[in-house]
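Inspection log for the structure reproduced underneath, given as structure tokens.
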Amino acid sequence: MTTPTPQADDVLVRVRGLSFGYGSRVIYDGIDVDIPRGKVTAIMGPSGTGKTTLLRLIGGQWHPGAGTVAFDGVDVHQLKRRDLYALRKRMGMLFQNGALLTDLNVFDNVAYPLREHTKLPESIIRDLVLMKLQAVGLRGARDLWVSQLSGGMARRVALARALALDPEMVMYDEPFAGQDPITMGVLMRLIRTLNDALGLTSIVVSHDITEVLSIADQAYVIADGKIAAHGTPAELRNHASPWVQQFLTGADDGPVSFHAKAPDYLADLMGTAK
Amino acid sequence: MSAAIEIIASFLAGLGRAQYFLLGILGGVPAALARPRLVIQQLYMVGALSLIIIVISGSFIGMVLALQGYRTLVRFGAEDSLGVLVTLSIIRELGPVVTALLFAGRAGSALAAEIGLMKATDQLSAMEMMATDPIKRVIAPRFVAGVIAVPLLTAIFCVMAIGIAGGHAIGVELLGVDAGSYWSQIRASTEIADIQQMLIKAGVFGFTVSWIAVYQGYHAAPTSEGVSRATTGTVVVSSLAILALDFVLTAFMFR
Ligand SMILES: Nc1ncnc2c1ncn2[C@@H]1O[C@H](COP(=O)(O)OP(=O)(O)OP(=O)(O)O)[C@@H](O)[C@H]1O
Ligand SMILES: [Mg+2]
């Protein structure tokens, strides 16, 4: 963790001393995260460590037990509801399972934020929606109902919806899960291109390490409520910690055991385990 | 003993949460009314789709009431009063109560399940992240639709039970009570107050069932088990609430 902290203005989201738990279960124990403006930041970590939870904390959906989250210098959790909603229009979020509204079809889902927040005429909304759907390759699926979409398609529609209001920052929760290799390549390039062409700030949560590191400017690895590693992709690949190495390469022997704590396997099968 | 106190405490805490939630909903009602399309859509979902069960139940209850009433009245030669018996039983009690019970089973459970599923699949979270308030957009329109639907359905239930297919069909068409006396006796002994009281009861029941249903759905645990609990909870709690409120309201209206 030797990366120098970027200059104040370069940081869009600044997380300081953040602690959070569900009931008595601690998810975060005083973490610091900087999301630099205009960059793609990858968030990685084992399943169930709290990556989705971190995005929800940034979006102001959960309240931290301690610590602060500042978006563009504003403490997200001190805002009144109205101001929080105004702030959220500047963030797009792609939910892990899409979270499309099931009583609307694909077109209306993407149009939803536009219709709710703008007074644009229907013809312009139509053009905007078709452009967003074209970007994710689903212009032809506009009339389908949400129940008729595959998991990967639903996530791409959700991506189009997250981009509908042209936010300043987009949080992608597992954008590549369930995508075939071609779509995955398109999505990777799309995230990177959008980020650079529109000057967005992107947070990408993903398990697809190679893919996400190939488009990220910097990455955080989270484990056990702490930041296990942080740096540019090159720095992470050369990281000294055997834990980080095991996580990045996916080796099954190393400091992390793939298996949950259990008695000896053979003894367990023979029924002689204590 | 301490277990009993705990149950009572958690019940009161739940009641407090539900009242707080109700304040939120009422705050969202103007926003929902400003977009009548959402309310009309929900009115169709909870109202129009409950129509068939209301029509059928109303008819059968009217028919049974006429058969039973006729058997008793004919012994006193008072079968001309059959219309009054059917009408007052239906308008004062059975109409509002049975309609509300059926509404809780047909529409209330569906509302709770739908909202619970929207929560479990992160749709409500997604709305919040898109800076739209799910209370205004999802909860309030469904609540308003429920409050409007129950009095309308109750009126339809009563018409079916007394007139078209229920009491009239059995009493007049089958058992041969004179149509003229069936209707004139009804007109003579039914007061406007009876109809007002029916509508008050129906309004209170609609309010209560809709409140319980959206509360159960919105506070469901985001799992399949949580959704099924919310559905069952809606039907059980609504039914008990309807019967208890009916007693209270009747006692107040009794003269
Ligand atoms: N609403 C909740 N209530 C209680 N516990 C929760 C809740 N949401 C998540 N958790 C728990 O918190 C932990 C972190 O959840 P989170 O969804 O943030 O993980 P994640 O890192 O996104 O995992 P994945 O990679 O599988 O999506 C999980 O172990 C989960 O069991
Ligand atoms: Mg997750």
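The values are calculated or read from the model by the stated rules, or taken from the named source; none is laboratory data. These figures come from a predicted structure and were not determined experimentally. Ideal geometry is used to build each Cβ from the backbone, glycine not excepted, and the neighbour counts take in all protein chains shown. SASA here: full protein model, heavy atoms, side chains in, ligands and nucleic acids out. Shrake-Rupley method; radii C 1.70, N 1.55, O 1.52, S 1.80 Å.
What the table shows:
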quantity	calculated
For q = 0.13 Å⁻¹, Debye-computed log10 I/I(0) when each Cα of chain B counts as one equal scatterer	-0.84
Distance histogram for the range A:64-200 (every C-alpha pair counted, 5 angstrom bins, percent rounded to whole numbers)	2, 10, 19, 22, 20, 13, 9, 5, 1, 0
Alpha carbon Rg of the range B:58-159, scaled by the compact-globule rule 2.2 N^0.38 Å	1.63
For the range B:176-233, alpha-carbon Rg relative to the globular expectation (2.2 N^0.38 Å, N residues)	2.02
Against the rule of thumb 2.2 N^0.38 Å, how large the Cα Rg of the range B:109-245 comes out	1.43
Shielding by partners - mean other protein chain Cβ count within 10 Å, residues of B:130-141	4
Stokes-Einstein D for the protein assembly as shown, Kirkwood Rh over Cα pairs, 10 °C, 1.306 mPa s (µm²/s)	59 µm²/s
Isotropically averaged projected area of the range B:1-106, using the convex hull of Cα atoms (one quarter of hull area), nm²	11.5 nm²
Descending principal axes extents, the range A:116-177, alpha-carbon based, whole Å	34, 28, 19
Ranked packing of A:22-31, A:219-228, most packed first, by mean Cβ within 10 Å	A:219-228, A:22-31
Area projected by the alpha carbon convex hull of the range A:163-274, averaged over all directions, nm²	10.1 nm²
Unit charges at the beta carbon, dipole of the protein assembly as shown: most positive-side option, B:Gly47, B:Ala4, B:His168	B:His168
Distance histogram for the range A:172-211 (every C-alpha pair counted, 10 angstrom bins, percent rounded to whole numbers)	29, 58, 13
Area projected by the alpha carbon convex hull of the range A:15-73, averaged over all directions, nm²	4.2 nm²
Whole-Hz ³J(HN,Hα) from phi, Karplus 6.51 cos²θ - 1.76 cosθ + 1.60, for the range A:181-191, glycine and proline x	x, 5, 4, 4, x, 4, 5, 4, 5, 4, 4
In order through the range A:130-145: 3J(HN,Hα) via Karplus (6.51 cos²θ - 1.76 cosθ + 1.60), integer Hz, x for Gly, Pro	5, 5, 5, 5, 4, 4, 9, x, 10, 4, x, 9, 5, 8, 6, 8
Area of A:Met270 that stays accessible when all protein chains are in place (1.4 Å probe, Å², to 10)	140 Å²
Interchain or long-range residues, amide H under 5 Å from A:Ala229's placed H	A:Val221
Between 0 and 90°, nearest 10: helix B:224-253 axis offset from chain B longest Cα axis	50 degrees
Semi-axis lengths, Å, the range A:23-124, gyration tensor of Cα atoms, sqrt of 5 times eigenvalues	28, 18, 14
Binned Cα-Cα distance frequencies in chain A - 5 Å width, integer %	1, 5, 12, 15, 17, 16, 13, 9, 6, 3, 2, 1, 0, 0, 0
Other protein chain Cβ atoms within 10 Å, averaged over every residue that makes up A:96-107	4
Relative contact order %, chain A, counting alpha carbon pairs below 8 Å whose residues are six or more apart	23 percent
